[in-house]
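For reference, the structure is listed below as structure tokens.
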Amino acid sequence: MTVAGARERRVRTGGVELCVVELGETGRPTVVLVHGYPDSKEVWSEVAERLAEHFHVVLYDVRGHGRSTAPAPLRGGFTLEKLTDDFLAVVDAVSPDRPVHLVGHDWGSVQGWEFATVRRTEGRIASFTSMSGPSLDHFGHWIKKRMSRPTPRRAAQLLGQGAKSWYVYLLHTPVLPELAWRGPLGKRWPKMLERVEKVPAGDYPTASLPSDAAHGAWLYRDNVRARMRRPRTDAYAHVPVQLITPTGDVYLSERLYDGLELWAPDLLRRTLPAKHWVPRTRPDQLAAWIGEFVTAREEPGPAPERAGAGRYADRFGGQLVLVTGAASGIGRATAFAFAEAGARVVAVDRDGEGAARTADMARLIGSPQAWGECVDVSDEQAMEKLATKVAAEYGIVDVLVNNAGIGLSGAFLDTTSEDWKKVLDVNLWGVIHGCRIFGKQMAERGQGGHIVNTASAAAYLPSKSLPAYSTSKAAVLMLSECLRAELAGRSIGVSAICPGIVNTNITSTARFAGVDAAEEKRRQERSSRLYGIRNFPPEKVADAILEAVVNNRAVVPVTPESKGARLLSRFAPGVLRTLAKLEPRL
Ligand code: NAD
């Protein structure tokens, strides 16, 4: 293992010798990371390095993998019972007096479910974090239930998972998998992982891959059929479980975990927009979630409060979200919605006091940490400074919401170039700076993320009274679409939110070109009244923003008038051109 400070030892058990590596101080809580198929312990190196700052981290090569020896004969040497013996031998060696926190990925998680549900490990495990590997027993019951009462939905779920399990059938054929792995497949696998799974190239997978994969075929052959036929009926987890589900996993359906609370009563669910190999593609997020889960279970006292209780707590808990224009209106409501979901929030606004107030409130309603920052989004240098500070002190932003914006009303011929400059500086350049500076950091980190830009229905709704504002928002919409295409390959989603009329402060600060100060004030008051009568709350826009991130939506019209305008702009643009000529009654 190439990680600095790694200490290696050998543990003998049941006729094999396991290669075990430890990182971090031994007095701290122990986290044991178990790898999957076809992997070795090195799949965890990125996560282990991060966890070792706070924990005693232990990794081992499963029998027949990496630098551990293989059982002889291979057949019958990989049963879950024998793998449980190995786990207990490792735990006895590295943490004889204290239960360990178990983390498993893929087959490491399949094993982890066995460890966490059998009697003889009781008292030896403090918690279990599972990713991309269900319990074979739970899976067996899942199938039986759907076969015995096959409603159309259940049949579709069965077929869906059946199609995703093609490789399991192949691995049950004799000799062929071994030949393939030791031949062409073994050679091509690293490139396939890089291309299909977006696993960054580097020192993983290791040179032992062909023999790991050949030996590991016995994991399937020794266990799958037996457990599918006769799943254990007592497979209840005796430890708290954190389930991390990558939503883009091509091998496992999310539906497999429906009803898991029956088997694991103390269950915390997390979802991640990622493919199967999360230990390589999302090490920051995994280390943060594992660290949080372990720490909460180590602290003495009553059962820990779960951070965030909102609808999307499973998705955003612990993530870092930066919202601009967060002192008021849609930005403030968005910061609160993310806070409710347990995200860490950076509230940015040119109104520093307002941003600080939002951060204070965010902490009160569920955000584990929140900060207010006073920055003008149109000031490129200030935005650069902000990004440097945020990266150094709080981390790389997972979700960026470029929301700050100002209103400007008035005919084109009444709008001065100074007016144009102001509105474009904030509404367009503010978004460009945010996307460029924070988007670059996200892309360089290589672990995905999401950018939301607040455009407006005005982006596709021409009007003779809002030429500058609408132009700025149309540009934001197109920028979002272009950026979405560019960043898709880096797992960074981009969404443009297009609200219609929302009851916020924007009307009382919006400029009206071509009228004197008294008339401007009158129009501001009148439009504020109209927006108040319409009374669409900013909280509903915030909900749409979180939903857009979760489902990676491209363009999201919010409010009925915005949805209607979007449809007309596509199917009957002539109608909108006629409406555009109407005199606004402000
Ligand atoms: P708001 O006035 O309530 O909030 C806007 C916030 O942005 C304020 O706190 C303000 O201080 C901040 N801000 C303005 N310029 C800034 C700058 N240069 N740097 C940093 N912060 C700045 O308005 P809102 O309605 O919540 O607007 C939020 C976004 O939604 C804007 O982009 C707006 O164009 C868009 N929008 C609003 C509506 C609506 O009806 N309210 C409709 C469509 C789109």
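Read-outs throughout are calculated quantities, based only on the coordinates presented, and are distinct from any laboratory measurement. None of these values were measured; they are calculated from a predicted model. Note that each Cβ is placed from the backbone with ideal geometry, even for glycine, and that neighbours are counted across all protein chains shown.
General observations
- If R0 is taken as 41 Å, the Cβ-Cβ distance between R75 and D266 corresponds to a FRET efficiency of 0.65.
- Tilt relative to the chain, helix 283-298 - C-alpha long axis, 0 to 90 degrees, to 10: 70
- Cα-based helix-to-principal-axis angle, 107-117 vs the chain, degrees rounded to 10: 80
- Unit charges at the beta carbon, dipole of the chain: most positive-side option, V94, A287, M192: M192
- For the stretch 508-586, the C-alpha radius of gyration divided by 2.2 N^0.38 Å, with N the number of residues, is 1.39.
- Set of the stretch 140-171 residues, backbone N closer than 17 Å to the point 7 Å along the Cα-Cβ line of R188: 167, 170-171
- Panel values: the stretch 62-153, Kirkwood radius from alpha carbon pairs, Stokes-Einstein at 25 °C and 0.890 mPa s, translational diffusion coefficient 167 µm²/s.
- Residue pairs, from the table K385/K464; K385/K540; K389/K464; K421/K464; K41/K191, whose Cα atoms sit over 30 Å apart: K385/K464; K385/K540; K389/K464
- Cα pair distances exceeding 17 angstrom across the stretch 108-208, given as percent: 71
- Reduced Cα scattering model of the stretch 336-445, Debye log10 I(q)/I(0), q = 0.09, 0.20, 0.22 Å⁻¹: -0.27, -1.06, -1.20
- Cα-Cα P(r), the stretch 7-298, percent of pairs per 5 Å interval: 1, 5, 12, 18, 20, 19, 14, 8, 3, 1, 0
- Per-residue 3J(HN,Hα) values for the stretch 242-248, derived from phi via the Karplus relation 6.51 cos²θ - 1.76 cosθ + 1.60 with θ = phi - 60°, read 10, 9, 10, 10, x, 6, x Hz in sequence order (x marks Gly and Pro).
- The chain: angle of helix 517-534 to the longest principal axis, Cα-based, in degrees nearest 10: 50
- Summarised as an ellipsoid, the stretch 149-197 has semi-axes of 30, 16, 4 Å, derived from the eigenvalues of the Cα gyration tensor scaled by 5 and square-rooted, with the largest first.
- Straight-line cross-link reach from K581 at under 19 Å between alpha-carbon atoms covers these aspartates and glutamates, not counting any fewer than eight positions away in the same chain: D414, E561.
- Using the alpha-carbon positions of the chain, Rg (one decimal) and Dmax (whole number) come out as 27.4, 92 Å.
- Taking 16 Å as the straight-line reach from the Cα of K473, the aspartates and glutamates in range (excluding those fewer than 8 positions away in the same chain) are D419, D425, E481.
- At R0 = 22 Å, FRET efficiency that the Cβ-Cβ distance of S463 and D516 yields, to 0.05: 0.45
- Of every Cα-Cα pair in the stretch 446-529, the percent that sits beyond 18 Å: 55
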